[in-house]
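Scroll down for the structure; my scribbles are underneath it.
The values are calculated or read from the model by the stated rules, or taken from the named source; none is laboratory data. Note that this is a predicted model, so its numbers are computed, not measured. Counting neighbours? That spans all protein chains shown, and the Cβs are built from the backbone with ideal geometry, glycine included. Note: accessible area is taken over every heavy atom of the protein model, side chains too, but ligands, DNA and RNA are not part of it. Shrake-Rupley method; radii C 1.70, N 1.55, O 1.52, S 1.80 Å.
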Amino acid sequence: MARILVTGGTGYIGSHTTVELMQAGYDVTIVDNLMNSNIDVLDGIAAIVGRRPDYENIDCLDYVALDKMFEKYADIVGIIHFAASKAVGESVEKPLLYYRNNLNSLINLLELMPVHKVKHIVFSSSCTVYGQPDADHLPVDETAPIKPALSPYGNTKQICEEIIHDAIHAKSPITAIILRYFNPIGAHPSALIGELPNGIPNNLLPYVTQTAMGIRKELSIFGNDYNTPDGTCVRDYIDVVDLAKAHVVALKRMIDGKQDDKIEIFNLGTGRGLSVLEIVETFKRVNNVDVPYKIVGRREGDIEQVWAKPDKANKVLGWKAERTIEETLRSSWQWQQHLNNMQKPD
Ligand code: UFG
């Protein structure tokens, strides 16, 4: 079976995608420098799948090490490129770190692909490229205009998309699929892999689960005076396993030569917008736990509402988000409980 390189494969979305790839029969080589993940994730993957992915501790900024890696795994046919820095706030403080990490790692891969005859790449992008879509573009489809980025992180996603476009336009012998994720949440139903919190969580779900666990005193809900049904922001929360499966389908589409264009873009979301309060209340209900919260001021840079029109992915990829929000929020809680048990001293 074909081998896939997964950069950032020990990370949140990367680990779930590795599981889906291996369960679909692919061999996987993970490249990750563990700057925001833990090597133990490989045990979780192996426990779910029954075999271990190959792993190389390489920083994607290291061209020479990547080159050697491609030589070692000469059967790589495609790449899923997750490795990137992803904290919006940190990117405002350390923009050059973000530009260096996110742009140079992609450039290294795009340069090495033709050298090693690797034809296909799936790129992790984000709905952040749409900014706040105009009312007539909600739900947002792939034709919505790209808005000026609100953070260096968002800008790296836009520039990376352009770099891929330009490389293919310049006749690089590769094909690409760009996947624009909405808000990934949840964990594998086995509770053996999930999102690993790094310090105080920025994102909603890790904050909710840690508050439910008593690690945080209360959740701050950033603003309830938005122009939305209950005043809190609306997002399209997509289950991470559903998201992972879309990568397998996208890669297979390229390998099978089914693409309409050498570069294709898909929104990955559920098509349903949920407010912060709806998430918190649903989480409490399905898990039968309390999540103390207070309403505080708006968070700078937050978008009021955005959710996906996933029709193109549904029709062209034949992929659809399947897990219900209840199942997803249960899996988040199970993962938090698993983490807690692991961290308890014997
Ligand atoms: N929120 C809270 N309290 C928290 C954390 C979040 O109320 O403690 C709210 C936010 O204000 C927002 C919603 O929960 O309304 C979701 O926030 P997240 O931080 O989980 O997600 P974002 O939609 O802000 O961020 C996502 C991706 C980023 C991407 C960004 C672009 O995580 O990668 O969209 O807007 F850049």
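Numbers at a glance
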{"item": "Descending semi-axes in whole angstrom, ellipsoid equivalent of region 136-176, from the Cα gyration tensor", "result": "23, 15, 7"}
{"item": "Lys, Arg +1 and Asp, Glu -1 on Cβ, resulting dipole of the chain about Cα centre, debye, nearest 20", "result": "300"}
{"item": "Sparsely packed trypsin sites (Lys or Arg not before Pro) within region 50-148, loop by DSSP, other Cβ within 10 Å at most 10", "result": "R51"}
{"item": "Projected-area average for the chain over all orientations - Cα convex hull basis, square nanometres", "result": "17.0"}
{"item": "Folded to 0 to 90 degrees: helix 152-169 orientation relative to the chain principal axis, Cα", "result": "30"}
{"item": "Kirkwood Rh and Cα Rg combined as Rg/Rh, region 214-323", "result": "1.09"}
{"item": "Heavy-atom accessible surface of region 62-202: percent carbon and sulfur, 1.4 Å", "result": "57"}
{"item": "Region 1-150: Cα Rg divided by the 2.2 N^0.38 Å rule of thumb", "result": "1.13"}
{"item": "Degrees, to the nearest 10: 276-287 long Cα axis against longest axis of the chain", "result": "90"}
{"item": "Exposure rule at most 16 other beta-carbon atoms within 10 Å, DSSP loop GluC sites (Glu not before Pro): the chain longest free segment", "result": "1-217"}
{"item": "For the chain, with +1 on Lys and Arg beta carbons and -1 on Asp and Glu, the positive-most of V49, G231, V122 along the dipole", "result": "V49"}
{"item": "222 nm mean residue ellipticity, helices alone, for the chain (DSSP H n ≥ 4; -39,500 (n - 2.57); rounded to 500)", "result": "-12000 deg cm²/dmol"}
{"item": "Per DSSP, loop trypsin sites (Lys or Arg not before Pro) in region 221-258 with at most 15 further Cβ within 10 Å", "result": "K258"}
{"item": "Choice from A250, A135, A212 showing the highest fluctuation, given a GNM over the chain with Cα pairs closer than 10 Å", "result": "A135"}
{"item": "Listed residue (I164, M22, I279) projecting farthest to the positive dipole end of the chain, Cβ model", "result": "M22"}
{"item": "Most mobile listed residue (H169, H247, H116) in the chain, GNM with C-alpha springs under 10 Å", "result": "H169"}
{"item": "Listed pairs K294/K320; K94/K320; K72/K171 exceeding 29 Å between Cα atoms", "result": "K294/K320; K94/K320"}
{"item": "Charge dipole magnitude, Cβ of K and R +1, D and E -1 - region 89-209, Cα centre, debye nearest 20", "result": "400"}
{"item": "Förster radius 25 Å - calculated FRET efficiency between Q337 and S220, Cβ distance, rounded to 0.05", "result": "0.60"}
{"item": "Between 0 and 90°, nearest 10: helix 12-23 axis offset from the chain longest Cα axis", "result": "60"}
{"item": "Accessible area (Å², per residue) of the chain, counting only protein heavy atoms and a probe of 1.4 Å", "result": "44"}
{"item": "Size of charge dipole - region 1-146 - debye, nearest 20, with Cβ of Lys, Arg +1 and Asp, Glu -1, no other charges", "result": "340"}
{"item": "Distance between region 170-222 and region 243-297 - C-alpha centres, whole angstrom", "result": "10"}
{"item": "Share of carbon and sulfur in the accessible heavy-atom surface of region 306-345 [1.4 Å probe, %]", "result": "49"}
{"item": "Loop trypsin sites (Lys or Arg not before Pro), region 142-231, which have at most 13 other Cβ atoms in a 10 Å radius of their Cβ (DSSP)", "result": "K171, K217"}
{"item": "Extreme residue, positive dipole direction of region 187-311, given options Y207, H247, G194 (C-beta unit charges)", "result": "G194"}
